[in-house]
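Notes follow the structure.
The values are calculated or read from the model by the stated rules, or taken from the named source; none is laboratory data. Please read all numbers here as calculations on a predicted model, not as lab measurements. When we count neighbours, we look across all protein chains shown, and the Cβ atoms used for this are built from the backbone with ideal geometry, even at glycine.
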Amino acid sequence: MDVLTEVLNSLQLRSSVYCRAEIEGDYCLHFHPLPCAAFHVVGGADSWLLRHGRAPIVLTDGDLVVLPGGDEHRIASDPDQPPVADIRIGRDVPESCEVKCYLMGGDRHLLICGTFDLQQRDRHPLIALLPDLIHIRRETGPSAEWLNATLGLLAAEAGSDRPGSETLVRRLADVLFVQVIRTWIDDSANPARGWLGALRDPQIGASLQAIHGAPERDWSVGALAREVAMSRSAFAARFTQLVGEPPVNYLRGWRLHWAAGRLQDSDLPLAAIADQCGYGSEAAFSKAFRRQFGVNPGAYRRKVVHRADRA
């Protein structure tokens, strides 16, 4: 079991590309805070990413920036350029990508704007470990091939009136998110925290593989320690140090997160889901689930199904 693949597969992701802007001349777009992750692809002449209290970041042709927290920011042709437009996007982003053209003469810029929205994002085991900004440059290196190919397709399809373009753009944006995460993790310059960093440790990484490979097993600290040939005390101490929480806490959190995914994407009875994620009874599962998510499993399922029906 590839832990990262399992976690990425658990993402309940809804991606959107809501604007493709072609701009000539000076500009500055002010993006208000979002309840989800924001991303921008820039093309043409250099632009700047501006965030309150942070140094400006130059964006060159083909760069991609992701703000996992949806923080307030500006994209501008010059750091001193005042905003010419305020952009407020709520949770319900436009159904289709809008094409905007501002041809005022001067350097030419291309900007593609989108969002990555995840259900239960504040409790997802990946999102909490991401930085407030991911900046991937279009340059030679391991990420160049996929970045150029995906962004090229996205730029060509965004705002197109060809049949199926909206579906294709959403799928490309989903792919883009996964590729961004993989590229960020693979970059040795990024300090990997929590379970992401722990995957690099042979024994703790193996214990995480064991948990994700068989979440239904009756894992105890001692059983996990034996699985990776460590003493119970040494394993517990190292796991807690690297992952940031004790093994039992991580196991419980992953089981419940996995169960939340099954409640959304399957019609399995609650008792079957409880059994598959390692709970001896439906009552014990419901109690733990309510403690984690604030509602019982049945109410959670009705809520997410209702949300999906409205989407």
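Would you mind finding the one in 45, 55, 38 that is within 24 Å of residue 14 (Cα to Cα) and hydrophobic (A, V, I, L, M, F, W, C)? Talk me through it step by step, then tell me what you get.
On the way: 45 fails: within 24 Å of residue 14 (Cα to Cα); 55 fails: within 24 Å of residue 14 (Cα to Cα).
Only one candidate passes the filter, namely 38.
Every residue in the stretch 26-53 that is closer than 17 Å to residue 131 by Cα and either assigned to a strand (DSSP E or B) or at pLDDT 95 or above (or both), please. Spell out how you get there, then give the answer.
Kept after step one, since they are closer than 17 Å to residue 131 by Cα, are these residues of the stretch 26-53: 33-40, 49-53.
Correct list: 37, 38, 39, 40, 49, 50, 51.
With the requirement that a residue be out of contact with any Phe, Trp or Tyr (no Cβ under 8 Å at 6 or more places or on another chain) and at pLDDT 90 or above, what does the stretch 173-208 give you?
Within the stretch 173-208, 202, 205, 206 qualify.
Only one residue in 89, 75, 134 is closer than 21 Å to residue 11 by Cβ, at pLDDT 90 or above and not hydroxyl-bearing (Ser, Thr, Tyr), so which one is that?
Of the residues listed, the single one that is closer than 21 Å to residue 11 by Cβ, at pLDDT 90 or above and not hydroxyl-bearing (Ser, Thr, Tyr) is 134.
Consider residue 21 against the criteria (1) among the small types (Gly, Ala, Ser); (2) under 20 Å from residue 169 (Cβ atoms); (3) modelled with pLDDT under 90: it satisfies all of them except one. Which criterion is unmet?
With respect to (1) among the small types (Gly, Ala, Ser); (2) under 20 Å from residue 169 (Cβ atoms); (3) modelled with pLDDT under 90, residue 21 is out only on (3).
Any residue at all in the stretch 10-25 that's part of a strand (DSSP E or B) and without any contact (Cβ under 8 Å) to a residue 60 or more places away in the chain?
no
Before we move on, is residue 63 farther than 30 Å from residue 145 by Cα, in contact with a Ser or Thr (Cβ under 9 Å, 6 or more places away or on another chain), at pLDDT below 95 and assigned by TED's automatic domain parsing to the domain that holds residue 158?
no
Let's see how each residue does on (1) at pLDDT 90 or above; (2) assigned to a helix (DSSP H, G or I); (3) under 30 Å from residue 73 (Cβ atoms); (4) not assigned by TED's automatic domain parsing to the domain that holds residue 272:
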residue	(1), (2), (3), (4)
141	no, no, yes, yes
146	no, yes, yes, yes
156	no, yes, yes, yes
163	no, no, no, yes
170	no, yes, yes, yes
210	yes, yes, no, no
218	yes, no, no, no
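Here is a yes/no grid of residues against (1) surrounded by fewer than 17 Cβ atoms within 10 Å (Cβ to Cβ); (2) more than 23 Å from residue 186 (Cα to Cα):
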{"site": "14", "(1), (2)": "no, yes"}
{"site": "23", "(1), (2)": "no, yes"}
{"site": "32", "(1), (2)": "yes, yes"}
{"site": "42", "(1), (2)": "no, no"}
{"site": "61", "(1), (2)": "yes, no"}
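Could you figure out which of (1) on the phi > 0 side of the Ramachandran plot; (2) touching a strand residue (DSSP E or B) at 6+ places or on another chain (Cβ under 6 Å); (3) modelled with pLDDT of 90 or more isn't true of residue 105?
Condition not satisfied by residue 105: (3).
Quick check: anything in the stretch 234-246 touching a residue at least 24 places away in the same chain (Cβ under 8 Å), touching a Pro at 6+ places or on another chain (Cβ under 6 Å) and aliphatic (A, V, I, L, M)?
No, because not a single residue in the stretch 234-246 is touching a residue at least 24 places away in the same chain (Cβ under 8 Å), touching a Pro at 6+ places or on another chain (Cβ under 6 Å) and aliphatic (A, V, I, L, M).
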